[in-house]
Amino acid sequence: TLRICKEPNGHVCKTAISMPLENNANIEETIARVTSNHSWLNDIDVLFGLNMLRSQFPTVGGLENTVVLSAGESKSLAVRRQNVYIVHTGGNHWITIETKCHWDYVEIYDSLYDEIPMKTKRIIYTVVSKQKKLRFKKTSKQKGSNDCGLYSMAIAMDLCDRRDPSEHTYNQSEMRDH
């Protein structure tokens, strides 16, 4: 599915969405998988969450299909007042980034690491200006290596809802049921 929207500044945004929100079979399967075990979230799980965020926060830019973003095929630019992206860094790891049109930086939220690989920087710079500095924001750190996708979704939710994730402590043991 291809979603085409027009930004307030006249910019045309095209976003590829591989899983329509209306597809109830995928929704039920995704919910069952995410809540029933402690495995990594995959791109379909994250896309499901992004679709929910996109429908709940239509004025927030980004919220891009992670497969399209990772492939460098994004057709959207971070030109809205607020832009939130979940980025797959490779190696089964997810981070969340935020930028605003008046900022000269991108804030990176990572629940596991304190630096990102060059490949991830290139992905980020496909949707934001290369003049924007990348800076890490303090956030809760996960225990173990399985829940970075959950943290990325929770952080994205907070950002979309205009809450500061660096002031929030996430309860990892309760995240899957939320």
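For the reader, a short list of remarks on this structure follows.
- Residue check for residue 102: closer than 20 Å to residue 61 by Cα and in contact with a helix residue (DSSP H, G or I) (Cβ under 6 Å, 6 or more places away or on another chain): no
- Residues that are out of contact with any Ser or Thr (no Cβ under 7 Å at 6 or more places or on another chain) and open to solvent by 50 Å² or more (accessible area, probe 1.4 Å) within region 40-66 comprise 40, 42, 52, 55, 56, 58, 59, listed in sequence order.
- Residue satisfying all of: in region 70-89; without any contact (Cβ under 8 Å) to a residue 40 or more places away in the chain and open to solvent by 20 Å² or more (accessible area, probe 1.4 Å); nearest to residue 160 (Cα to Cα) among these: 81
- Inside region 134-151, residues that are in a loop (DSSP other than H, G, I, E, B) and surrounded by 15 or more Cβ atoms within 10 Å (Cβ to Cβ) make up a count of 6.
- For region 106-133, a residue qualifies if it is in a strand (DSSP E or B) and surrounded by 14 or more Cβ atoms within 10 Å (Cβ to Cβ), and the qualifying residues are 106, 107, 108, 109.
- So residue 94, is it in contact (Cβ under 8 Å) with a residue 12 or more places away in the chain, closer than 23 Å to residue 39 by Cβ and either within 11 Å of the chain's Cα centre (by Cα) or open to solvent by 20 Å² or more (accessible area, probe 1.4 Å) (or both): yes
- Some residue of region 152-166 being part of a loop (DSSP other than H, G, I, E, B), of a type in the set (Asp, Glu) and open to solvent by 90 Å² or more (accessible area, probe 1.4 Å): no
- Residues that are among the hydroxyl-bearing types (Ser, Thr, Tyr) and either assigned to a helix (DSSP H, G or I) or surrounded by 10 or more Cβ atoms within 10 Å (Cβ to Cβ) (or both) within region 167-176 comprise 170, 173, listed in sequence order.
The values are calculated or read from the model by the stated rules, or taken from the named source; none is laboratory data. All values derive from a computational prediction rather than experimental measurement. Every residue, glycine among them, receives a Cβ derived from its backbone with ideal geometry; neighbour counts consider all protein chains shown. Remember, those area values only see protein heavy atoms, side chains included, never the ligands or the DNA or RNA. Shrake-Rupley method; radii C 1.70, N 1.55, O 1.52, S 1.80 Å.
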